[in-house]
Structures are given as C-alpha cells and as structure tokens.
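Each remark here refers to the structure printed beneath this line.
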Amino acid sequence: MHTSKETIKEILISTGIRGSRLSSSSKEGQSTKQKAKILHPPIETFWQLPPTKEHKRSTKSRTVKTMMSLPFKKGVRKSKSLQTILEGSHDPKDEQIVDSFRQLLFLEGQLLGKNSDYHTLLRFLRMRDYDLTKAKNMYLNYLRWREEFRVDELSKELNFEEFDEVKKCYPHGFHGVDRYGRPVYIERLGRVNLNRLLEVTTIERFVKYHVSEQEKTLNWRYPACSLAAKKHIASTISILDVKDVGMSNFSKPARSLFLEIQKIDSHYYPETLHRLFIINAGSAFKVLWKAIKTFLDQRTLAKIQVLGSNYTKTLLEVIDPSNLPTFLGGNCTCSDYGGCLFSDKGPWNDPSVTTILQAMLEAEEENDDEEQNSFASKDSFAGVTPDNVNIKDVYDVTPSRDDTFGQPFLQKILTLQSVVNDTKAKIQALEVALKDTKSVIDGLGKPMEEMKKQIIVSKIRA
C-alpha cells in the first residue's frame, strides 16, 4: 500500500519523548550514532511483576507445583498466579512507541502476525535506539529472512542426528539460571576441535542448528524461566571459556562460522543477551580480541566483561554455585548426564514447569480456529482472559488490553484510508476532465466569435 509522507510524519511526531529522537536530518542522525553507545536499561526492567495482592486462600498459596494438581487445561488457564505472571507491567513510554511502530508497519502494508508481539517489536526498537524508520527496515529484513531461511519449518525439517558428536568437539550448552532467573549459556572455545567439527557436520547445518536453538530459547526456555521465577525473563547470561584460544584458532572456517552466527544473532535476535563473561583470557586471546571487537556493535561490547583466570568470584556474584559447573568454580557435575554441557539443565526441563507449558500449547492449538474465525469481528484483545491465554503471553506479556491500536481497528483505518485515497484519485481525475472540458469549450468559443463577426459583417454589407 502506498503511504503518504504526511501520514508517516504524523506517526513519527506522535511517538512522544522517545520518538523525538527521530529525524532525517544529518545533524540528528549524528546524534543518534552518539546515543548508540549508551546502553538502555536491562530488557526485563519494566517486565517485573507488580506487587501481588493477597486475595483468596487458594490463589495466595499456589505455586508452580501446587498448580500441577489442577486439571491441566482448566487449571492452567484459570490460575490467578499464572494470570499475574502473564500480564506483567510495561514502561508507558515503550508502549507508546511500540503502538506507533505498529501503525507504521500497518501503513506500510505489513499485516502483522506471529512474530509481531509487543516485546519482539520492542527488541528491534531498542536495537535501533527507538528510531522507527531504522527499526522498521531491520524488522522487515527479519521477516524476509525467516521466510527465506524457513525458520518455522526447522523444527520439523532439521534432523540434527550429529548432535552428540558436535557436543564432543564443540563443548557448549545451556546450564541452569542466574540469580535473577535468566538461562545461563556456556561455551568452552578452548576445547573446540574445528577440524573434527567439520567432519561430523557442515557450517550450513551447524548454523541451522544454532537458529533452532535460538528459537527454542525464545519459545520454550524463556517461558519456562518466567514461570519458575514468577517474573518475565527475556535475556540470557553467557559464559565463554577462552583458555588457550589465540590467533591460530581464528582460521578461515572459524571466521566464516563466527561471522554468520554473529550476523544472525545481532540482526534477527536482538537484545537477547543480558551479559557475556569471557573468562581465562590470556595474552594470545587479547590479541585476537582486538580483531573480534571490530565486528561487534557498541551496545554488545558494553555487555561484555573480559576476565582472566580469577573469574570465580565474579561469576558466583551472578550465578548460584548449584547452577555453575565445577569447571567454572561451582559445585554442579551433572554426572548422570555425562557432564553439565550435555544435561541442558534448567526450568525448561523441569516437569513441574514443562507440563504447564505443554498444556498451554495444547490450549493454544484448540483456540487457533476460533481465534481465526472471530479475528475479523473482534477487537485485537477482546475476550482475552486467563481462560484463553496462550503460551506466547508467558514471555511476551502482550500489552494492555486496550484496543486502541488493535489489529482490526488499524485494518479499519487502512480500509478507510484506501477508500479516501480512491476518492481523492477520482476527484483528481474529475478535476483533470473538467479542465480538459473547459479547454475544449474555450477552444470552441473562439471560432463561434469569429462566425458571429462574419454574420454581422455580411448582414451590414447586404
């Protein structure tokens, strides 16, 4: 759909305080680059739960485990504890600019769907420092990439049967949570055997595996952590052990793999890293780090802390020893799973949490047809209650139930705008036709005047 510059300008003006950063002028563009070095608050800052009020005894005393005793679908849907977790709270300024972002995307002809929830849009806005135009371009590139890469089909199409062998030559994995409740991701880069890795898999397949893990984190790990922590969790703590890593490890295949994964994470999964601890950084790695830094943006660099061999105290301040492997100074071995990096330990594998999530997924599937049939006739958030809330709400905490910027409302605006545009076009066509008619009439007028003169002259002569 064609969108007038005036309409987009109105949207930019309506973004308020944060939107005032936006401008096409070079002067303000430079200002935006300077501000890009400033970190925004942690992404969960405004997603924490409001203070819980004491209600009925049955609601007050429920925990994740006690909710398990309820009939699955009915219990999960009606739980007041879950309802509190799902709704959370937002920064009003963020809500305002996300609403403006939605309007801009709609007016650009983008009908938002599965990946257009409040917090996904907010991630892209934060990554582009709340610049609507830049965030729009980044978000639309993300949607195109998802379609071309067939992200939604990966879980069905990718049979990563080399998983165990890959883990042996590339030690990595999720293990536990930090003290806030965020999932902890660990890589032991110093133990990577790249030659062996490329024997058991390919860079293309490994990248697909990486994307599938990112999707699992967004759609499963974060929701599970949110339920377990009883507050919204939306970012990850990462630990990279770079013992014995130097320039020799940054071979051409290694650079290719690093750049591809870095591009995917920064362009398509923005604002999912809370903090990154690089440990056991020796002199050889510090030389390599100077080269690696050039590929990272300032926002990411500000989240990274490079530590030497005395890192244990720093990690234990952030992560409880029970969630930290012994090789990093904790007391966990996961001996039953062949080691911590093979266990995938965390709330996302806790039956008392996953059973609830699975029940919510089933409830979502059952409601899909009803939602699609009633979508055109109902407001975007009409009828949303604990009875029909879906799993996306666990970690998206979909915004307030105000329908001001609901999709049907905006679709009505789009339809109205289309009618207005058509009417304007017809009026313009009529104006052109009237001008042409006037010209023809004016053209005919001159010969008529000449004929009148000739008749008068002939009568006089007669």
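The values are calculated or read from the model by the stated rules, or taken from the named source; none is laboratory data. Predicted, not measured: the structure shown is a model, and the values here were computed from it. Counting neighbours? That spans all protein chains shown, and the Cβs are built from the backbone with ideal geometry, glycine included. Areas reflect the complete protein model, heavy atoms only, side chains present, ligands, DNA and RNA absent. Shrake-Rupley method; radii C 1.70, N 1.55, O 1.52, S 1.80 Å.
Which sequence of E450, E187 reflects their accessible areas, 1.4 Å probe, from the largest down?
E450, E187
Give me D for segment 141-280 in µm² s⁻¹, whole number, from Stokes-Einstein with Rh from the Kirkwood sum over alpha-carbon pairs, 20 °C and 1.002 mPa s.
Details: Rh = 16.1 Å.
Answer, rounded: 133 µm²/s.
How many percent of the accessible area of segment 300-368 is carbon or sulfur, using a 1.4 Å probe? Present the calculation step by step, with values, prior to reporting the outcome.
Numbers: 1500 of 3230 Å².
Taking all protein chains in place, segment 300-368 shows 46 percent carbon and sulfur surface.
Work out the FRET efficiency for K263 and N331 from their Cβ-Cβ distance, taking R0 = 41 Å, and round it to the nearest 0.05. Don't jump to the answer; show the numbers that get you there.
On the way: r = 37 Å, r/R0 = 0.91.
The computed FRET efficiency comes out at 0.65.
Could you tally the net charge around G190, taking each other residue with its Cβ under 15 Å from the Cβ of G190, Lys/Arg +1 and Asp/Glu -1? Could you put the intermediate results ahead of the total?
Working: positive: K168, R188, R191, R196, K243, K286; negative: E187, D241, D244.
Within the 15 Å Cβ shell, the charges total +3.
Using Cα pairs closer than 8 Å and at least 6 residues apart in sequence, work out the relative contact order for segment 244-338, in percent.
Numbers: 73 pairs, mean separation 24.7, N = 95.
Relative contact order comes out at 26 percent.
If you take every DSSP beta bridge whose two residues both sit in segment 164-294, what share of them, in percent to the nearest 5, is antiparallel? Spell out each step's value before the answer.
Working: 4 of 15 bridges.
Given both bridge residues lie in segment 164-294, the antiparallel proportion sits at roughly 25 percent.
Which whole-Hz couplings ³J(HN,Hα) result when phi for each residue of segment 145-150 is put into the Karplus expression 6.51 cos²θ - 1.76 cosθ + 1.60, θ = phi - 60°, listed in order with x for Gly and Pro?
Along segment 145-150, the couplings run 4, 4, 6, 5, 7, 6 Hz.
Using packing as a proxy for protection, rank 319-328, 248-257 so that the peptide with the highest average count of other Cβ atoms within 10 Å comes first. Before the final figure, lay out each step's value.
Values: 319-328: 18.2, 248-257: 13.4.
Top of the packing list down: 319-328, 248-257.
Give me the percent of accessible area attributable to carbon and sulfur for segment 202-290, probe 1.4 angstrom.
55
Just the accessible area per residue of segment 217-335, please: how many Å² with a 1.4 Å probe? Present the calculation step by step, with values, prior to reporting the outcome.
Values: 5120 Å² over 119 residues.
Roughly 43 Å² per residue, with all protein chains present.
Expected output is a single nm value to one decimal: the length gained when fully extending between L140 and R191, i.e. 0.36 nm times separation in residues minus the C-alpha distance. What is it? Write out the running numbers ahead of the final one.
Working: separation 51, 0.36 × 51 = 18.36 nm, distance 3.78 nm.
Fully extending the segment from L140 to R191 adds 14.6 nm.
Once a ≥ b ≥ c are taken as the square roots of the eigenvalues of the Cα gyration tensor of segment 261-317, is the result rounded (a/c under 1.5), prolate (a/b larger than b/c) or oblate (a/b not larger than b/c)? Kindly include the intermediate steps, with their values, before the conclusion.
Working: a/c = 2.75, a/b = 1.36, b/c = 2.02.
Cα axes put segment 261-317 in the oblate bin.
Under 15 Å from the Cβ of L259, count the other residues' Cβ atoms, weight Lys and Arg +1, Asp and Glu -1, and hand me the total.
It works out to a net charge of 0.
Work out the FRET efficiency for R255 and K93 from their Cβ-Cβ distance, taking R0 = 51 Å, and round it to the nearest 0.05. Could you put the intermediate results ahead of the total?
Working: r = 40 Å, r/R0 = 0.79.
The value I calculate is 0.80.
Defining a contact as two alpha carbons under 8 Å apart and six or more residues distant in sequence, what relative contact order in percent does segment 85-238 show?
Working: 123 pairs, mean separation 34.1, N = 154.
Reported as a whole number, the value is 22 percent.
Just read off the accessible area of E165 with the full protein assembly in place, 1.4 Å probe, to the nearest 10 Å².
70
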